[in-house]
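The values are calculated or read from the model by the stated rules, or taken from the named source; none is laboratory data. No experiment lies behind these values; they were computed from the predicted model shown. Cβ placement follows ideal geometry from the backbone for every residue including glycine, while neighbour counts extend to all protein chains displayed.
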Amino acid sequence: MSNPARQINNRRLPPLPGLGRRGTSPQTQRKSGGTNRHYGGATSPRDRYNNSYSSQQYDMVIQGHNTIGSASHHHNNNKSNHSTTSTDALCPFDLTPDAVTSFLNDNPEFLEKYVVRNVNSDQLERWIIKRTQNANKENGKRRGSDVENGINGESELRDGSGLLRWKMGHHPDKRKILQELTKDIHQHPNKAQVLSELTNCVASAINADGFNLYLVDENGRDLYYFKPNSNNTKNSTVWSGRIGNGGTLGAYIAETQEALRLTEVLGDERFPDGIAVGGETAQAVLAQPIIQTNSATLGVVELYRNAGNQQFTDEDEEVTSSALQWCPVLLTCQEVMAALGVDPVDVLGSITSSFLMWGGVATSSAEICNSILVWGAFGIYNAEMYHGMTKQRKLNEFLLAVTKSIFQDIVSMDTVIMKIMNFAQKLVNADRASLFLVDNQTKELYARIFDIGNGLGAQPVDGQQKEIRFPMDKGIAGHVATTGNTLNISDAYGDDRFNRDVDAQTGYTTKTILCMPIYIRGSIIGVVQMVNKTHGVFTKSDEESFETFAVYCGLALHHAKLYDKIRRSEQKHKVALEVLSYHSQCTEDEFSQYKDRVIPTTLPDVTLYEFSPWGVLNEDKPQYVLYMFKDIFNMSRFDISSLIKFTLTVRKNYRNVPYHNWSHAFSVAHAMYTVIKTTDNIFNPLERLALFVACLCHDVDHRGYTNAFMVKTASPLAAIYSTSTMEQHHFNHTISILQRDGHNIFKHLTSDEYKKVLSDIKHCILATDLALFFPNRAKLKDLCEKKEFSWEAQDHRRLIQAIAMTASDLCASTKPWQVQVSTVKVIFEEFYAQGDEEKAQGNQPIPMMDRDKAHELPQSQVGFIVGICLPCYELLANLLPGTQPMVDGANTNLKQWKVLVDEQKQKEEEKLKKETENGAKAIENKKD
């Protein structure tokens, strides 16, 4: 950026006080004043020319001679007499053309007064046109002469004001400039580029040597210089500095919003850094702010002329101010056209034509009228666009309100229909509205709400909503429903399709009708009919707005239908749950039977790990559950009736499957009971409660299939629960049992205790999914090996709970051998049943579930105990030594299974040997 310190070696210093520039004629309003000082810097040919040229002129002015008249005289080797002559010294015989020319050059005030008083405006315009044309013809010759003499074209003195040159210049040239501006604006919709092109046009109009465009950032604190020739939008601006006094001229203008016309840009304490770009050669500057309609500064424009050229005039400032005042309007118009998708070339073409005439004051009454008409047309067009955007904005707001109202309050189909009709009536200012739905089965249109007027619908008769139906091929609505075409009828009685019977019955007179179909997925689901526009007839604009509204109507009706279906499904679901609840909970007779029984005070061997739960009779198992519950909990906090109902209902909700039934649940609950009894109350009361109840309910409503099978067969449960499918269902079914009347065994707990117990129950039931066992075991084993396990850490306690649940679930592998064998047979019967179903579906089950591979059962059990059971029991016994009998029982059974495996192998070897021998004998017999 430029500042006086940088400019010392590159250009002239500010003029010295008292040595101002002086001019001798309108054509030569000023000469470059002062002397160029150089501080060690090399001088360019242009600098040397300016120095000698300025010095020569200054000397001649002191001697009383005018060295420069018009530009044409200067370039004709000063053929005219330049000596100053007073009016008293002139004589008639001295009135030669050269003498008159010299006199007029030395007395411009007299020339001006004479022309104003004696020459009409038309004659002046003809002179100026002729003068401009002659100047254009001589332009090439002058430039060639200047180049030969080493003169830079930029330092050439200028003729007349920029306003007059713009006005009287060649019309095609001006049109070309503005047409290029229009094209650039169309191709570059960026605000900065539009402003740059407009500023470039203004600079050409006033013959500025250059211009700078600065943009104010969004926060209004910084100024950025726009590089007009940058093709990269991201790098088209360069930071110029902070807005305020004491910096550059642009920063000052942006701060004060003041327009300045300067004859010398340097030496002003308000902006000591001058102009940021081009300051090395610039002298005269015309700076103006670009102010938006909200009084905020959008940017700053600097137009400059280099040293040795003319100063800017009032006319130049007027042209610049007039053009820049249109910047906000132009940008707004551009944004509007972009929003509406309008091609801006047509509109901006009108601006171009108008600016051609108004840019320098129209030259005839016809041009003035034409300009006014053009600007009037543009104003009308702009007003129409504004009106259109305003109307579109109101429509968008209306549709948003409709969407919110309809979708927030979907209570019933009738409610949605009522709202749609009320909104539609307001949208097109109709007196009445009706909405008919299509019944595709009967090919009829029907409506329970119709003829909405003043926001009121048809009233129900005898407490029931009256419904009307008529064929789809009858009336206006029927025609629209059949054809799908919108009908806008300005005279209902003049249309043969109109059914006059409705008016005859109601006494209402129908005049205008707007009827439109409502689509969903390409099918007509209804028809909306507006009757009698309050003022005039329904217009094309009403049709367009109503068509947009009809889309929202379709969505609302579709969602209302879905809501009705969901609501009916919910009601059916509630009825089904009620029926299921009745048939899946204990009866009063069952409850009375166990209520009258006395809970035993002691039961032999029940606390031993070797105890066989499968040896307890089915009808006695609830008594055992109540005993174990009483043994490990304080019964004073429990309601015995709720506990009995809960236990009996849980039993009833276990399905009659081979293994995952009530007997299995009882065995798992007993295993957890023995763990709790042999671990010195290491679990707190709430943890014990959660563990025992979770074991009792961990497989409730089990269907006898694995999670993998449920997912593979796309079971509804698998759709509801994506992971741990059956375990998630078991927990939720447990909650449904607790929520039944008289079954909440936790009602004595506080709110926090209740939440804690339910959370632990869910955690424990989900832990019975073997897919979760392996990561749980790995975490707990790692803690033990690193000796980081702590009973004080809640997450560590939850890990040991999960392992205890798995150990209890697999307790059959720890029981005596005969119990183990009989239980395994039952388990595999359930597995084979699933395998049989997989085969029926065309799938091959895994070997463990393939009935044809039943001989592999011993080997399967060895792998099961070694891979899952023993790692689980050993880890549990490491933390809970009282559970060591589970490890011992599993090892004992493992030995037995290995014996069976060896026996199986021996049998297979003998069978193979026998088959080999028989084969050999058969071969020998064939030889014989």
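The residue list Gly279, Gly299, Gly267, Gly274 contains one member that is out of contact with any strand residue (DSSP E or B) (no Cβ under 8 Å at 6 or more places or on another chain) and within 18 Å of Val238 (Cα to Cα), which is Gly279.
In segment 258-305, of all residues being modelled with pLDDT under 90 and either of a type in the set (S, T, N, Q) or not assigned by TED's automatic domain parsing to the domain that holds Gly241 (or both), the one that is farthest from Ala208 (Cα to Cα) corresponds to Asn294. Residues in segment 595-621 that are part of a helix (DSSP H, G or I) and farther than 15 Å from His743 by Cα: Pro613, Trp614, Gly615, Lys621. Of all residues assigned to segment 275-282, at least one qualifies as being of a type in the set (Ser, Thr, Tyr) and within 26 Å of Glu315 (Cβ to Cβ). Listed by first and then second residue, the pairs linking a residue in segment 541-562 that is touching a residue at least 40 places away in the same chain (Cβ under 8 Å) to a residue that is among the basic types (Lys, Arg), with Cβ atoms under 9 Å apart and 6 or more places separating them unless they lie on different chains, are Ser541/Lys391; Asp542/Lys533; Ser545/Lys391; Ala556/Lys419. When Val361 is tested against (1) modelled with pLDDT under 60; (2) within 26 Å of Arg221 (Cα to Cα), just one condition goes unmet, and that condition is (2). Take segment 481-503 and flag every residue that is part of a helix (DSSP H, G or I) and either under 42 Å from the mean Cα position of the chain (by Cα) or at pLDDT below 80 (or both). Across segment 481-503, the qualifying residues are Ala481, Thr482, Thr483, Asp501, Val502, Asp503. With respect to the conditions (1) in contact with a Ser or Thr (Cβ under 8 Å, 6 or more places away or on another chain); (2) buried (at least 18 other Cβ atoms within 10 Å of the Cβ); (3) of a type in the set (S, T, N, Q), Ser584 falls short on a single one, namely (2). Within segment 846-885, the set of residues being under 30 Å from His796 (Cα atoms) and among the polar types (S, T, N, Q) comprises Asn878, Thr883, Gln884.
Within segment 250-264, being among the aliphatic types (A, V, I, L, M) and either closer than 21 Å to Trp239 by Cβ or free of Cβ contacts under 8 Å to residues at least 40 places away in the same chain (or both) holds for Ala251, Ile253, Ala254, Leu260, Leu262.
Within segment 218-239, which residues are within 14 Å of Thr297 (Cα to Cα) and at pLDDT below 85? The answer is Glu218, Asn219, Gly220, Arg221. Where residues in segment 858-878 are in contact (Cβ under 8 Å) with a residue 60 or more places away in the chain and among the aliphatic types (A, V, I, L, M), which of them is surrounded by the fewest Cβ atoms within 10 Å (Cβ to Cβ)? Looking at residues that are in contact (Cβ under 8 Å) with a residue 60 or more places away in the chain and among the aliphatic types (A, V, I, L, M), I get Ile868.
Filter segment 513-565 down to residues that are charged (D, E, K, R) and in a helix (DSSP H, G or I) and give me whichever is surrounded by the most Cβ atoms within 10 Å (Cβ to Cβ). That would be Asp542. Going through (1) under 37 Å from the mean Cα position of the chain (by Cα); (2) assigned by TED's automatic domain parsing to the domain that holds Gln529; (3) modelled with pLDDT of 75 or more one by one, Gln392 falls short only on (2).
Looking only at segment 697-708, residues that are in contact with a helix residue (DSSP H, G or I) (Cβ under 6 Å, 6 or more places away or on another chain) and either farther than 19 Å from Ala665 by Cβ or part of a helix (DSSP H, G or I) (or both) come to 2 in all. Summed over segment 613-636, residues that are surrounded by 13 or more Cβ atoms within 10 Å (Cβ to Cβ) and touching a residue at least 24 places away in the same chain (Cβ under 8 Å) total 16. Would you confirm, using the coordinates I've provided, whether His573 is under 26 Å from Gln441 (Cα atoms) and either modelled with pLDDT of 90 or more or not in a loop (DSSP other than H, G, I, E, B) (or both)? For His573, the condition - under 26 Å from Gln441 (Cα atoms) and either modelled with pLDDT of 90 or more or not in a loop (DSSP other than H, G, I, E, B) (or both) - is not met. For Gly455, the conditions (1) modelled with pLDDT of 85 or more; (2) small (Gly, Ala, Ser); (3) in contact with a helix residue (DSSP H, G or I) (Cβ under 8 Å, 6 or more places away or on another chain) all hold with the exception of (1).
Listed here are the residues, each with its yes/no results for (1) small (Gly, Ala, Ser); (2) in contact (Cβ under 8 Å) with a residue 60 or more places away in the chain.
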{"site": "His729", "(1), (2)": "no, no"}
{"site": "Ile735", "(1), (2)": "no, no"}
{"site": "Ser751", "(1), (2)": "yes, no"}
{"site": "Lys755", "(1), (2)": "no, no"}
{"site": "Ile761", "(1), (2)": "no, yes"}
{"site": "Ala767", "(1), (2)": "yes, no"}
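A single entry from Asn681, Asn744 fulfils the requirement of being touching a residue at least 12 places away in the same chain (Cβ under 8 Å), more than 28 Å from Gly867 (Cα to Cα), not charged (D, E, K, R) and not in a helix (DSSP H, G or I): Asn744.
Taken together, Pro881, Pro885 contain a single residue that is of a type outside the set (S, T, N, Q), under 14 Å from Ser813 (Cα atoms), modelled with pLDDT of 85 or more and surrounded by 11 or more Cβ atoms within 10 Å (Cβ to Cβ), which is Pro885. None of Ser663, Ser736, Ser722 is under 48 Å from the mean Cα position of the chain (by Cα), in the same structural domain as Met849 (by TED's automatic domain parsing) and outside any loop (DSSP other than H, G, I, E, B) except Ser736.
Tallying residues that are modelled with pLDDT of 95 or more and assigned to a loop (DSSP other than H, G, I, E, B) within segment 813-849 yields 2.
To keep it simple, each residue is scored yes or no on (1) hydroxyl-bearing (Ser, Thr, Tyr); (2) surrounded by 14 or more Cβ atoms within 10 Å (Cβ to Cβ); (3) out of contact with any Ser or Thr (no Cβ under 6 Å at 6 or more places or on another chain); (4) without any contact (Cβ under 8 Å) to a residue 24 or more places away in the chain.
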site	(1), (2), (3), (4)
Trp791	no, no, yes, no
Arg797	no, yes, yes, no
Ala802	no, yes, yes, no
Ala807	no, yes, yes, no
Lys825	no, no, yes, yes
Glu830	no, yes, yes, no
Gln834	no, yes, yes, no
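Thr602 - would you say it is in contact (Cβ under 8 Å) with a residue 60 or more places away in the chain and closer than 26 Å to Pro685 by Cα?
No: the conditions fail for Thr602.
Taking the criterion of being surrounded by 21 or more Cβ atoms within 10 Å (Cβ to Cβ) and within 21 Å of Ser321 (Cβ to Cβ), the residues of segment 268-282 that qualify are Phe271, Ile275, Ala282.
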